[in-house]
Structure formats: C-alpha cells, structure tokens
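One structure is given below, encoded as structure tokens.
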Amino acid sequence: MILNNELVDASSTDDAKPKESKVIDAQVTQPLNRYLRGLTWGFALAAAALLGHAHAQPKSVALDTIKQRGNLKCGVYENSPGLAALNDKGEWVGFDVDYCRALTAAILGDAKKTQFVKLTFAQSMPALRSGEIDVAAMAITYTSLRDTELGFDFVGPTLYSGHGFMVHKRTGAINLSDLNGASICVIAGAATESLIADYFRPRNMTFKPVAVEGSTQMMSMYEDGRCDVVTLEPPFLAMRRARMKAPDDHIILNETFAKSHMGPVIREDDRVFSNVARWVHYALVTAEELGIDASNVDTMKESKNPDVRRFLGLEGGIGSKMGLTDDFTVNVIKAVGNYGDIWDRNIGLKSPGMLPRGMNALARDGGLQWAPNWR
C-alpha cells in the first residue's frame, strides 16, 4: 500500500501503520463504541422499565372510587322477571342482579356491598355517563353505535337471543306476516323500533309504534289491549306471560326478526375496569367449564390441575395484575356460583321460565358461551 509517499506492508503490525492511519481509525471506532455502549444501556433501561411496569399495580379511577366508596352501584330494571326484580322478601334477584353481585365480590370481596339503582332504559346511559352508576346491567343489546360512538364498553355478551313478538290470541296472528298494520308497544330510545322497521319495510308491511317508558309499563299497556303486539327477547316474553292474568290468551310467535346479543355496559374511559368487568363474566363461564361451583370451590383448591390452580389464584398471580386479589374468582363463585347456576335459577329449568340453554350453552356443548384461556 502507498500512503503519503511511503511504502507500507499491509500485513505489518499496528506499530507499522502511519500515525495518520491510526488517527482515522480512532475517529471511526471511538464514536461507534460510544454509540454501542449507549444502545446497550438504552436496552437495559427499557427492559428494567418494562419489568417494573409489569409488576406495578394497574391504575383505575373506577376501581379506586368503588373501593373508597365501599360499594358498587349497579343500574337495573325495576321489575323485569328473570333479569332484575324484588322477591317476596324484598331481595333483589335475577340474572343481571347476579352479575353485579359477582362484580362486587371480585372488587370488594363481599357481594352484599352491591347497591342496586332502579332505572328505565332511557335513564341507563345518562346515569352511566354521569357516574351515577358504575355499571348498567340491563340486558342492553350490543350494537356498533353503542360500542363505538357513545363511549361505552360491553361485557360478554352474557345473553344471546333474538327479538320476538307476543300477540293477543284474538288477533288471529300466528306468523310474522300476520302483523301487517299492527300496533306494537316498544320501549322509547331502544333499538327495537328501528329493527322492526328494517324487517317490515322490505316486506311492504307497516306498523304503528306505541312508545312506552319501560318494560313494566309496556306489559301493562299490552295486557290492557292498548297495543296488539309486544316485543322482547323470547325468554323474557315467556316469563312475562307466565305472570299475566290470563296467560293462555297470548301467543309467542315462533319466528324471531333480529338477533339480540346482550350484556352489562360500562364506560370505555377506564381500560382496567373494563378488563375486570369482562373477566368477571369469563370467570363465571370458566368455572362452569371446570366444574367449579359454590359447593365445591374450597375443595377444588386442593386440585393438582394447573388450570384449576391458576383460575383459583393459587398460581400465576393473575388477579393482582388486574388490580384485584389473586383469589377474586373464589369470592365470585362463593357469591353466585358459575354461569350455569345463574342461568338455571333465574331463567332456566329451576326458574318459573323453565327455558333451555339454547345459544347460551357452553361452546363445548354447542352453544355460544366461551371464555379465553386463563393464563
């Protein structure tokens, strides 16, 4: 190699290199070494931050408020058999009531700390938005508008159904096509009226909507003959009919005209609370999948099955990563049992409605209720 008019052997040692060549090497390698050292420290600091974040207690304004207040405020219908109603002892019972008790048990460890707030459907969303309630457990139908534009999150669906009709037998209607021109009681503000219109319009059918404030008023007006038809999900129609003065004077049509996938609703501005509310539902489903209920949950703590041990908080520390105790699922199950228990006593075969599970069976049994892996 010729450099600065001097002949240099390229295979010689560093001592044989000209000084200028050594300066050039230093100018290149020193900044590179500093950059690599900085990059290494950067990765180390980032990893430390991630590890610290992973072990930090998640922050949630909603959870903190509920814990400081000492109760969970749950919005429910005033008198909706199967969902929410007062029994002859003055106690709240129902499918949605049990979900709220499960959520309270998960957060506060005691289902008795649930405060039930009676609301109509029209009152539910404003009450939720204002913070008057923490959750609206009112079998609200999951729609894109409510999920994406109104600022709410849905849990579940906890109930899968469709919209159906009940008619006075005197009308002679036996099919949906017989309802052309009928007067139909609908709850003001609900999606039902637009769903009926969407079904009727392409079939050149018409109807007269009769707006009501809530389901109790709706059934009263229907029974008094102020509308020909009433619409709800078939399971709730069956329970309502069973309480009428003359149940045999009313027919529930076999056809449904729209799907209705329902669940509790919460505000979407608190991701941690949303996750807790969702995973409480998944806990109820998972408990049924694992064969765990209120009668055997303590015994199941002795199980060697890793799935059971993770679920009950004996391993994995899942609860603490959600802002709860690791054994929150134990509190949930002791309070209300599993999903199947809740269904049976409120809607299913052990209830006045005596309805089969249908779409609400576990996925392994051909239904739609499922839960993600508990890990």
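Just so you know, all these numbers are worked out from the coordinates, no wet-lab data involved. Model, not experiment: these values are computed from the prediction. Don't worry about glycine lacking a Cβ; one is built from the backbone with ideal geometry, like all the others, and counts go over all protein chains shown.
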Original post:
Once amide H atoms are placed 1.01 Å from N in the peptide plane, what residues at a sequence separation of 5 or more from Val117, or on another chain, have their amide H within under 5 Å of its amide H?
Top reply: Cys74, Gly75, Val76
Original post:
Label point 7 Å out from Ser183 along Cα-to-Cβ: which residues of the range 222-244 have amide N under 16 Å?
Top reply: 222-231
Original post:
Amide H to amide H, which residues 5 or more places from Ile140 or on other chains are under 5 Å from it, using H placed in the peptide plane?
Top reply: Gly263
Original post:
Given labels modelled 7 Å from the Cα in the Cβ direction, how far is it in nm from Arg375 to Lys350?
Top reply: 3.2
Subject >> Neighbour-count ranking [beta-carbon atoms within 10 angstrom, fewest first] of Met205, Met125, Met354 >> reply: Met354, Met205, Met125
Subject >> Ordering of 312-318, 94-100, 298-304 by burial proxy (mean other Cβ atoms within 10 Å per residue, highest first) >> reply: 94-100, 312-318, 298-304
Original post:
Which whole-Hz ³J(HN,Hα) couplings does the range 241-248 yield from phi under the Karplus relation 6.51 cos²θ - 1.76 cosθ + 1.60, θ = phi - 60°, glycine and proline marked x?
Top reply: 4, 4, 9, 6, 5, 9, x, 6
Subject >> Part-to-part distance (alpha-carbon centres) for the range 308-353 and the range 244-305, which is given in Å >> reply: 10
**OP:** Arrange Leu368, Leu195 by Cβ neighbour counts within 10 Å, fewest through most, would you?
**Re:** Leu368, Leu195
**OP:** With label points built 7 Å along Cα→Cβ from the Cα atoms of Val61 and Glu132, find their separation and express it in nm.
**Re:** 1.9
Subject >> Amide hydrogen neighbours beyond the local backbone of Ser80, cut-off 5 Å, H modeled >> reply: Ala85
**OP:** Give the calculated FRET efficiency between Ala294 and Gln217 to the nearest 0.05, with a Förster radius of 41 Å applied to their Cβ-Cβ distance.
**Re:** 0.70
Original post:
Tell me, what HN-Hα J-couplings in whole Hz come from the Karplus equation 6.51 cos²θ - 1.76 cosθ + 1.60 at θ = phi - 60° for each residue of the range 278-295, using x for Gly and Pro?
Top reply: 5, 6, 5, 4, 4, 5, 5, 5, 4, 4, 5, 4, 8, x, 9, 9, 5, 7
**OP:** Using packing as a proxy for protection, rank 283-289, 264-270 so that the peptide with the highest average count of other Cβ atoms within 10 Å comes first.
**Re:** 283-289, 264-270
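Going by C-beta contacts inside 10 Å, put Val210, Val336 in order with the fewest on the left.
So the residues, fewest neighbours to most, are Val210, Val336.
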